[in-house]
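Only one structure is covered here, and it is reproduced in the block below.
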Amino acid sequence: MLKSKIIWFIPAIIFFLLPLSCAEQRSDPILKIGLHEEPKTLNIWLASDANSKRILSLIYQPLYLRAPDTLDLIPWLAADQPEFHPDTISYTVRLKQAKWSDGSEVTSADVAFTANLIKEFKIPRHYSQWKFIKKIETPDNHTVIFYLSRPEAIFRDRTLTTTIVQEKEWSQIAENAKKQKKPLRFLLNYKIDNPVGCGPFVLTEWQKGAYVHLKQSPYFFGKNRRIDRRLIGPYIDDILFKIYGTSDVAVLALKKGSIDMFWWGLQPGYLKNLQQHKGIKVLFNKKSALYFMGFNVRKKPFEDVNLRRAIAVLINKDFIISRILQGYGTRMDSIVPPGNKYWFCPDVDLYGKGLDRKERIKKAYHILRNAGYTWVVPPVDNNGHVVSGEGIRTPDERLMEPFEILTPPADYDPLRAMSGLMIQEWLRAIGMPAFSKPMAFGALLEQVKGRHEFDAFVLGYGRLSLDPDYLRNFFLSSNDKPRGWNMSGYKNRYFDQLANQSASEMNREIRKDLIWKMQKIIMADVPYIPLYDPKLIEAVRNDTFRGWVNMLDGIGNIWSFCQVKPVSR
């Protein structure tokens, strides 16, 4: 009898101690969000994983962000658009009246401090966007003047979208860091328990392995303001982020109503079941992403552009999208995603588009034969029939050696793993000794980006910046170095010239013309073969909260959390 009472009593205690259970007793509904993994840090400078950045995006805020519909730069913490002064190569930015979550005023000194902190410590992922700032002036508490050492196209779209931190919170941390042998390491590893931001929410509690609880900030500058024609909230008092180890468990929780949204892209296999559920709405959005096959052009045989073009013809992107992605993706024919409409160049080489399997093999065969390749058994016989090719020889009459196409493992990304297997089969059909090799993601990156010991690979960038400066970084000759952005080792002097010109071109239309020329060059030389941009599939409970804002890269954006409202019952 006593034992049974104890068994009943323990769950009862747990029930009443959990913030979720307590919140459900309140009249104010709590928005419950499922995360795939635990956030790794609340230190804004260390945060590179998706879940840490998601939490922090609701606490720290930038001067400008993107409008959901147009993707135009919208003043957020800033009061209006930046003013450019060409004679001094400077920008003036004015701030809204705003407060930090501790009630103190957000000032121009905080903005200047953020910039100088990034520059002094050369904080990774941020320093490249600020290193060209020569001087910052703060003539009053709400005006900042940025002086650039040279024209930089990324200033508006990248620099001004950096999150701003409070000088009072970080100044002493920075001073202590300067006294250490490794100041940057100290700064990045400093444990932040209660981040001070000016966003719509503040941290209440982080119970490691279980949940992160945020509540509405009483000082959010956007509350009841109309920004980009939207009346800003937030209209919810609390957000509870719950941690799930797998998508299966999170989807089950969504179906049961334990969470209102799962902040993670879903595989198409979940769709049918979720779409049949009356209380769940499935949402589809484009991503600013690039999934591609890359070559090591530093070594044979992939230093030959003809071989790379032939492989581009052989790869059936439409098959990958229809069969592997089950139709939930967009064909990629350039490095810039088609969803980034302003910068995307449609006038590039469309290798193999519209051709069937035999036509692909014939076209690739003619490209290679004209470049001096021969075969023991050619893939096209004397009668023009496609047969199984064997023993391809390079122009120096040597048999092509076996090569590997490295991919992430299927349990990490089944789409890329399966794409690698299909590419292997398409290349073997013409006699190329290709072997798809899945390997642990960290080891793959070290081999490709660190040591440059690879033949080819299938990788992806899941969240590209809307500013296309990455096109320059990916292929600039000077970035061909260990852990550099230029993983393929591509070198082209004319491309470098255009790339460097694009980086300093302040006229948007002229820069667009340069970016389009750069895309054409890369797709003619194909150091990378763009494959697909998967659609982002997300699911929410539509019987508990409504008002999610669709935009490029999904509903998990600051606009959603400032617009979503509980459903009246």
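Derivation of every value follows stated rules applied to the coordinates shown; laboratory data play no part. Just so it is clear, the model here is predicted, and its values are computed rather than measured. Positions of Cβ are backbone-derived with ideal geometry, glycine not excepted, and every protein chain shown enters the neighbour counts.
Counting only lysines at least 8 places from residue 520 when in the same chain, those with an alpha carbon closer than 17 Å to its own are 341, 353, 491, 512.
Taking 20 °C and 1.002 mPa s as conditions, the stretch 290-534 diffuses translationally at an estimated 116 µm²/s according to Stokes-Einstein applied to its Kirkwood radius (Cα pairs). With viscosity 1.002 mPa s and temperature 20 °C, the Kirkwood radius over alpha carbon pairs of the chain converts through Stokes-Einstein to a diffusion coefficient of 82 µm²/s. Go ahead and estimate [θ] at 222 nm for the chain from helices alone: -39,500 (n - 2.57) per DSSP H run with n ≥ 4, summed, over the residue count, rounded to 500. About -8500 deg cm²/dmol.
Relative contact order of the chain: 18 percent, from C-alpha pairs under 8 Å at least 6 residues apart in sequence. Taking GluC sites (Glu not before Pro) as exposed when their DSSP state is a loop state and no more than 14 other Cβ atoms lie within 10 Å, the longest site-free interval of the chain runs over 38-302. Annotation for the stretch 173-205 versus the stretch 247-290: alpha-carbon center distance of 34 Å. Computed over the Cα atoms of the stretch 82-138, what is the ratio Rg over Rh, Rh following Kirkwood? Rg/Rh: 1.01. For the pair the stretch 512-554 and the stretch 427-442, the centres of their Cα atoms are 26 angstrom apart. Tell me, rounded to the nearest percent, the portion of alpha carbon pairs in the stretch 61-169 spaced more than 23 Å apart. Taking all Cα-Cα pairs of the stretch 61-169, the fraction more than 23 Å apart is 22 percent. If the Kirkwood radius is taken over C-alpha pairs of the stretch 444-511, then at 4 °C and 1.567 mPa s the Stokes-Einstein diffusion coefficient equals 99 µm²/s.
Compared with the alpha-carbon gap, the fully stretched path from residue 508 to residue 172 is longer by 116.9 nm at 0.36 nm per residue. Per residue, the average separation of C-alpha pairs within less than 8 Å and at least 6 apart gives the stretch 446-539 a relative contact order of 21 percent.
In the neighborhood of residue 291, defined by Cβ-to-Cβ distances under 14 Å, what is the net charge if each Lys or Arg adds +1 and each Asp or Glu adds -1? Spelling it out: positives minus negatives among the neighbours equals +4.
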